[in-house]
Every structure is written in C-alpha cells, then in structure tokens.
C-alpha cells in the first residue's frame, strides 16, 4: 500500500471576518488520513509566503503578529483569503483613561 501526500490548495474564506492571527488559530492542526495528509496551518503560511514572495518565517511572523506586512502585501493576503485588509489586520486602538 502506498500513501499519497496531497496539499489542500483551497483555503476556507475568512467568513467570520477574523484578524489574520485569529483566523490562523481557528484552522485545525495536521491530520493524518489513510490517503491524504493535511496540514492547513502550514499550507496557509506557505501560500502567504508564496503570494508575497517572502520566506515562510516572514509569513509566520506576520501571522503571529510579531511584525506587519506592507500595505501591498496585506492586499495580497486579503485577496488570497477572500477577506478585507481591515478584517485581517485591525488597527490597535489605545484605551484612553
């Protein structure tokens, strides 16, 4: 018996309008199936890296919120996930006392 490794090139649209970090965290962990091995989180990070022409590490830094992509890269990520830039990258509002 042989196993076939396939990647899921289709991402679920961000219908809940979550920020990028929360959307990433909502994805399931890797699952092993008899025929298909799926790693949605890794695939999303790779797709973002490929779409923006950056490294996988850079894409993960954006996802975890350690750094921010430039506006052009934000547009590419929003297009990839069928979402808006404002939903994926909300502006932090400071609380006034």
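The values are calculated or read from the model by the stated rules, or taken from the named source; none is laboratory data. Predicted model only: the values in this text are computed from it and were never measured. In this analysis, Cβ positions are derived from the backbone assuming ideal geometry, glycine residues included, and neighbour counts consider all displayed protein chains.
Output the residues belonging to the stretch 61-71 that are in a loop (DSSP other than H, G, I, E, B) and either over 12 Å from the mean Cα position of the chain (by Cα) or crowded, with 18+ Cβ neighbours inside 10 Å (or both).
Of everything in the stretch 61-71, those that are in a loop (DSSP other than H, G, I, E, B) and either over 12 Å from the mean Cα position of the chain (by Cα) or crowded, with 18+ Cβ neighbours inside 10 Å (or both) turn out to be 66, 67, 68, 69, 70.
Please go through the stretch 18-60 and give me each residue that is part of a loop (DSSP other than H, G, I, E, B), modelled with pLDDT of 85 or more and over 22 Å from residue 71 (Cα atoms), ordered by number.
none
Give all pairs with beta carbons closer than 6 Å in which a residue from the stretch 72-87 that is farther than 16 Å from residue 44 by Cβ meets a residue that is surrounded by 14 or more Cβ atoms within 10 Å (Cβ to Cβ) and at pLDDT 90 or above; count only pairs at least 6 apart in sequence or on separate chains.
Partner pairs satisfying both residue conditions: 84/78; 85/74; 85/78.
Can we say residue 74 is surrounded by 13 or more Cβ atoms within 10 Å (Cβ to Cβ), at pLDDT 95 or above and outside any helix (DSSP H, G or I)?
So residue 74 fails the test.
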